[in-house]
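> Below is the structure I would like to discuss, written out as structure tokens.
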Amino acid sequence: MDDAHLIMLMATLRTGICLFCASVLLTRRSDKTLFRPLGLLFLCQGLTEVPGLVIPAPATDNQFAVVHYFEVALMMPDLISPFLLWWYVWELTREDGHQAIPRKWQHFTPLVIGLCLIALVLFIPPSLLQSDVEFPGTLAPQVIAGILALLGLNLLMTGLVITYLVLVIRRLARHQKRLKDIFASTENRELRWIWLIILWSVFYVLFDVTGFVSTFFDDAIPAGRAFWLDLLEEVTLIGLIWVIGIWGLRQRPAFALVQAPNQDRQPEVRQPKYENSALDDVQSSRIATKINSAMQNDLLYRNPNLSLFDLSKHIGASSHYVSQTLNTKLHATFFDYVNSWRIKDALKQLTTTDETVLMIAYDVGFNSRSSFYKAFKRETGKTPMQIKT
């Protein structure tokens, strides 16, 4: 098998995975709003390879022109893909199921610019893009405009990928902080796999830029090295798509299992925090006393799935007031506060009982050994085994 056939095989595999995942996601009857952007993302990625698979090796100028025009037209899915990834992360991390994407029109502006650039790219004669054809000494103005548009289109694509990766990172960081305001255990809600996707995407952008440069400067990268770069890019992209497909099908929104009254929900963006709250210092002190009593007397922290709304219901106070009291009166997030009680209980059991570390971890409310060790080390500076021995 020669180099070209190997690259074609990898592209075929990638297209098959994308179209299969797209068909599974877009035909799901449950969680349609969550899976729609992910399904469209796979569909876009699958469509980009269709021209090369339909006519793998154009034998005539007409065939080459057909492939060229198809490839130019299918640059649009590449422009949409970064937005679709961000849209999927938005759906995963939003609290209110009816919350619309803010300033949605701004996301369509790059697509309009991309359409204009794609129209200009069509002015490039397909014959000039063949590797065995040299550029003439003088080019028509429309051809020059097409070449500049192609450069601008690739810059736009790279800029969109970088921009939406930044937006995804900001969204995930805000989500991580929000989780600690609501949940005592954040396992399976932290979306760590998306951080891996971000890192993987950065590598892909680097490979994509290198490949684009090599098409304009044939002498800059030796042929053998260019092949390995193409192969590495394909492997990276297949791995990226595979991870998104596997985790995307099994991931659920972090707040999907939280049942809270609509009137008790806190707004996702609060600037400045608690500015308009009616909670005074006397009420805050009373709520703080109830919170401490719920932990000390009722051992509420031992509930591994404890949430802010569970605590609010238990003490008969608004979740917004409970959150405000935790932050301003007890000076801790809900996550840190509950886990501090769990560690206190674990310390007592480690020094007074013969139970195993794992049994103690589960008994005080942790869902896993790793989360227990991490919280214990952060709280005490030692490991549970150092205390037990």
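> Treat each spin label as a single point 7 Å out from the Cα along the C-beta direction, and report the Leu249 to Leu151 distance in nm.
Between Leu249 and Leu151, the simple spin-label model gives 4.4 nm.
> While we're here: What length, rounded to one decimal in nm, is gained on full extension from Gln142 through to Arg378, with 0.36 nm per residue of separation minus their alpha-carbon distance? Write out the running numbers ahead of the final one.
Numbers: separation 236, 0.36 × 236 = 84.96 nm, distance 6.38 nm.
Going from the current span to full extension adds 78.6 nm.
> Rank-order 16-25, 109-118 by packing density, defined as the average count of other C-beta atoms within 10 Å over each peptide's residues, highest first. Walk me through the numbers before you get to the answer.
Numbers: 16-25: 18.2, 109-118: 15.3.
Ranked from most to least packed, the peptides come out as 16-25, 109-118.
> Let me ask you something else. Roughly how many Å is it from the Cα centre of segment 358-376 to that of segment 15-53, as a whole number?
39 Å
> Keeping every protein chain present and rolling a 1.4 Å probe, give me the accessible area per residue for segment 311-378 in Å².
Numbers: 3180 Å² over 68 residues.
Per-residue value: 47 Å².
> Need the full-extension length gain, Ile7 to Gln283, defined as separation in residues times 0.36 nm minus the C-alpha distance. One decimal, nm. Let's see the in-between values first.
Details: separation 276, 0.36 × 276 = 99.36 nm, distance 6.75 nm.
That pair, Ile7 and Gln283, stretches by 92.6 nm at full extension.
> I would also like to ask the following. For segment 276-381, just the Cα atoms, rotate onto the principal axes and tell me the three extents in Å, largest first.
Principal-axis extents of segment 276-381 (Cα, largest first): 47, 25, 21 Å.
> If packing is taken as the average count of other Cβ atoms within 10 Å, what order do 168-178, 348-358, 71-81 fall into, highest mean first?
Details: 168-178: 15.8, 348-358: 13.0, 71-81: 18.7.
Going by the mean number of other Cβ atoms within 10 Å, highest first, we get 71-81, 168-178, 348-358.
> Probe radius 1.4 Å, ligands and nucleic acids left out: which of Leu179, Leu120, Leu206 has the largest accessible area, and how do the rest follow?
Solvent-accessible surface, decreasing: Leu206, Leu120, Leu179.
> Assuming 0.36 nm per residue, please report the length gained on full extension of the stretch Met76 to Ile169 beyond their Cα-Cα distance.
Fully extending the segment from Met76 to Ile169 adds 31.1 nm.
> Something else: Take the Cβ-Cβ distance between Asn188 and Ile387 as r, set R0 to 41 Å, and report the resulting FRET efficiency rounded to the nearest 0.05. List each step's numbers first, then the result.
On the way: r = 28 Å, r/R0 = 0.68.
Calculated transfer efficiency: 0.90.
> Follow-up question, since we're still on this one. Could you let me know the centre-to-centre spacing of segment 150-173 and segment 76-92, using Cα atoms, in angstrom?
If we compute the Cα centre of each part, the gap is 10 Å.
> Residue-wise, which Karplus ³J(HN,Hα) couplings in Hz belong to segment 169-181, taking 6.51 cos²θ - 1.76 cosθ + 1.60, θ = phi - 60°, and x for glycine or proline?
4, 4, 5, 5, 5, 5, 5, 4, 5, 5, 4, 6, 7
> Given labels modelled 7 Å from the Cα in the Cβ direction, how far is it in nm from Asn292 to Asn327?
2.2 nm
The values are calculated or read from the model by the stated rules, or taken from the named source; none is laboratory data. Quick caveat, the model's predicted, so the values are computed rather than measured. Ideal geometry is used to build each Cβ from the backbone, glycine not excepted, and the neighbour counts take in all protein chains shown. What goes into the accessible areas is simple: the full protein's heavy atoms, side chains included, and nothing from ligands, DNA or RNA. Shrake-Rupley method; radii C 1.70, N 1.55, O 1.52, S 1.80 Å.
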